[in-house]
Each structure stands twice: as C-alpha cells, then as structure tokens.
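These notes concern the structure reproduced below.
The values are calculated or read from the model by the stated rules, or taken from the named source; none is laboratory data. These figures come from a predicted structure and were not determined experimentally. With ideal geometry, Cβ positions are generated from the backbone for all residues, glycine too; neighbour counts draw on all protein chains shown.
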Amino acid sequence: MYENMTYDFILNRMLDRVPYSIDKREGSVIYDACAPAAAELAQLYITLDAQLTLAFGTTSSGDYLDLRTNDYGISRQPAAPAQRKGLFYGNDNTPLDVPIGSRYSAEDLNYAVVEKLTDGEFLLQCETAGTAGNRYFGAILPIDYVAGLVRAEVADVLVPGEDTESDDSLRARYLHRVRNPSSGGNAADYRDWAMSVAGVGGAKVYPLWSGPGTVKVVIVDSDKEPASATLVTETANYMETVRPIGAEVTVVSATAASINVAAMVVLAAGYTLQAVSDAFEAALSKYFRSIAFSASYVSIAGVGVLLLSVPGVLDYSGLTLNGGTGNVALDDEEIPALASVELEV
C-alpha cells in the first residue's frame, strides 16, 4: 500500500515545499535538515505496511496470526506425541504383558507404555512431541528391567505425532471458521471439532446420514491416510463431549482407493529409471494427499502433467491408472492411495 513512499519520494516532496529562493541543493542546510527526517519517515512507512499485512488473517503470520485467530476461539495446536503399537515377547516368541508406565528407548527417542491393546501388544506414547516419533520402526530396549522380556518392537503408527501447527494450517482452519460460521451443531461445527483432535488431518461431515439426529464424520490422519482405530476412537470420544444434546455421532475412517500408475517414459541423458521412478512416486504421494477429500476422482491428465514435471522425463506414452486410460472415480468416503508405480523406457 505504501510502496511509493520511498526515501527519495519523501525527500523530494519535502524539498518541493521549500521556496526556490532558498538553496536546497544537496549539501545545503535545508537539504541536510530534511534528509534524516525523510529517511526516518520512509522506515516508518515500511513498518506501517508490514503492520497492515499482519492485521489480516490471509496475510498474517507467527504471533500476530495467533492473536487474530484467538478472537474466534481458534488456537494454534501444540506439538503432539506419536502413539505407536508396541510388541513384546518372552521366551519362544510368546506374547508378554509388560507393566503400564514402563519405558523403552530407540535411537534418541523414548516410549512409555500407556495402555494394553491385547496380549503382548500395548499402546506406546513417544515422550518427544512431534513427527520424530513417527519415523522409527524396529527393536526397542527397556530403560528399566522388565522381568521375562526377551524382545520388544515398536510397530504401527496408531496416532501420528504432529509438530507445532504451521501458519498455513492454522490460517486454513481460521478461514474455514469465518467463511463457514458455526450454528449450534451444523456441519461446519462437526468439521471444526474433528480437526481440533491431534492427529486428524481432514474431515468430511454427512448430516442426517442415517435419519434425523444422526451425523457421520469421516476422518483421515495428519498424513492424509486412513485413520487408525485408536484415532477414530479418540475423535469419537471428543465428539461426545461437544456434540449437541440428542445428536448421534458416528466417526469412521476414510478408506483407501488403491491407484496403480504405469507409463513408458523417455529419459534425459544422465538420469536413471530408478531415480525418476522414486521422484515420481514422491510427487504422486504429495499430489494424492493434496486432493484427499477435495476431489471426486484422480485425473489422468493431472498425473500426466506431474510425470512431465519430474526432472529427467522428456516425454511419456501409454499412461494408465489401474490399467485404464481414464480417470479413476473416488467414492465419497475414499481417498487415493498410491499402490505402485511402474515406469519403463
């Protein structure tokens, strides 16, 4: 808004107000008196322009975005710890029950047992909040002695750990709230409630899905993958604390629609098929996450554009999705999941 308020512009405007009968050339008393003031005013306009940007939800960031969203009761979600499945064995690979609260380590992370799932299987919670707790799979060692324990492993991610919410994510929740006002338990409310649960990365709401007073909420985790049973249960339990009286809420996970992608490609010099396949697979996974719950089909044209954008791909032919040359339709509760990538030269 104040891009034109530069040092030169302000200084010249000040000097223009001085009569021509007075010396105002560079080095004169008038010039030297006006120049420092013009510099300070230019800096003031720069600061004012930045403050205007920070005042609006679409352009604000950091602590100023927090202040803006807090006016609508929306707070930045703190980092949340990963919840994992732990497998424990005694002699002869016999499932072993371990004490609740016992702690185990793997690399630079520690996990604590918080709940029994079944014989030899327990819910572990990472003691370090954030996505770091999602990455490790394999053997874990007890920090304190556990009688009869021979082997322990950390396995499935039940509820993904999340880092402190980013500006983009917080802004998206804020804009959804102000553009879709809540109204005593409408669809926007249920989506907001679901999205406020740590680990939920997307939600779709179906009012009256099974008659009056019923609401169905379909969720995915923060990686835009089908939610685990643990995350579904946590979301359902939270819904019970905020839903309007009389509403019957059902929370389910989205289902994965497997997508197999195949094509013939022409490679640029210096690129290998494996490197191009890996890059294409990473790009596809990111693309599928971006369209989860927002698209009713996977576009073969969109996949083709994505393939051409991969470094090392000069051209392609014979592109298919699930063996066909058309789009792949998605049901209301489905999200695309990459099953395989087969590129040939």
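Across segment 74-104, which residue is nearest to the chain's Cα centre (by Cα) among those that are charged (D, E, K, R), surrounded by fewer than 20 Cβ atoms within 10 Å (Cβ to Cβ) and farther than 30 Å from residue 182 by Cβ? Top of the filtered list is 85. Among the residues of segment 254-275, is any more than 30 Å from residue 313 (Cα to Cα) and out of contact with any Leu (no Cβ under 7 Å at 6 or more places or on another chain)? Yes, the conditions are met somewhere in segment 254-275.
Is it the case that segment 262-277 has a residue that's closer than 28 Å to residue 168 by Cβ, surrounded by 11 or more Cβ atoms within 10 Å (Cβ to Cβ) and not β-branched (Val, Ile, Thr)? No, there is no match, as no residue in segment 262-277 is closer than 28 Å to residue 168 by Cβ, surrounded by 11 or more Cβ atoms within 10 Å (Cβ to Cβ) and not β-branched (Val, Ile, Thr). In segment 39-72, of all residues being more than 21 Å from the chain's Cα centre (by Cα) and among the charged types (D, E, K, R), the one that is nearest to residue 180 (Cα to Cα) corresponds to 71. Look at (1) exposed (fewer than 14 other Cβ atoms within 10 Å of the Cβ); (2) charged (D, E, K, R); (3) touching a Leu at 6+ places or on another chain (Cβ under 9 Å) and you find that residue 168 fails only one, number (3). For residue 131, are the conditions met, namely being β-branched (Val, Ile, Thr), touching a strand residue (DSSP E or B) at 6+ places or on another chain (Cβ under 9 Å) and within 16 Å of residue 78 (Cα to Cα)? Here the answer is yes, as residue 131 does meet what is asked.
Just checking, which of 232, 303 is over 30 Å from residue 122 (Cα atoms), buried (at least 16 other Cβ atoms within 10 Å of the Cβ) and under 22 Å from the mean Cα position of the chain (by Cα)?
After ruling out the rest, the residue left standing is 303.
Segment 1-119 holds helices (runs of 4 or more DSSP H) entirely within its bounds, and those carrying 3 or more residues that are touching a Ser or Thr at 6+ places or on another chain (Cβ under 8 Å) map to 29-54, 62-70.
Here is a yes/no grid of residues against (1) modelled with pLDDT of 95 or more; (2) in the same structural domain as residue 230 (by TED's automatic domain parsing); (3) surrounded by 17 or more Cβ atoms within 10 Å (Cβ to Cβ):
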{"site": "119", "(1), (2), (3)": "no, no, no"}
{"site": "124", "(1), (2), (3)": "yes, no, yes"}
{"site": "132", "(1), (2), (3)": "no, no, yes"}
{"site": "136", "(1), (2), (3)": "no, no, yes"}
{"site": "145", "(1), (2), (3)": "no, no, no"}
{"site": "148", "(1), (2), (3)": "no, no, no"}
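Filtering segment 307-322 for residues that are within 29 Å of the chain's Cα centre (by Cα) and within 22 Å of residue 226 (Cα to Cα) leaves a non-empty set. All of (1) touching a residue at least 40 places away in the same chain (Cβ under 8 Å); (2) polar (S, T, N, Q); (3) closer than 30 Å to residue 185 by Cβ hold for residue 260 with one exception: (3). Take the conditions (1) in contact with a helix residue (DSSP H, G or I) (Cβ under 9 Å, 6 or more places away or on another chain); (2) in a helix (DSSP H, G or I); (3) within 26 Å of residue 209 (Cβ to Cβ); residue 283 misses just one of them, which is (3). Here segment 244-257 is the region considered, the condition is being without any contact (Cβ under 8 Å) to a residue 60 or more places away in the chain and crowded, with 17+ Cβ neighbours inside 10 Å, and the residue that is nearest to residue 309 (Cα to Cα) is 253. Against the numbered list (1) over 26 Å from residue 331 (Cα atoms); (2) surrounded by fewer than 16 Cβ atoms within 10 Å (Cβ to Cβ), residue 209 comes up short only at (1).
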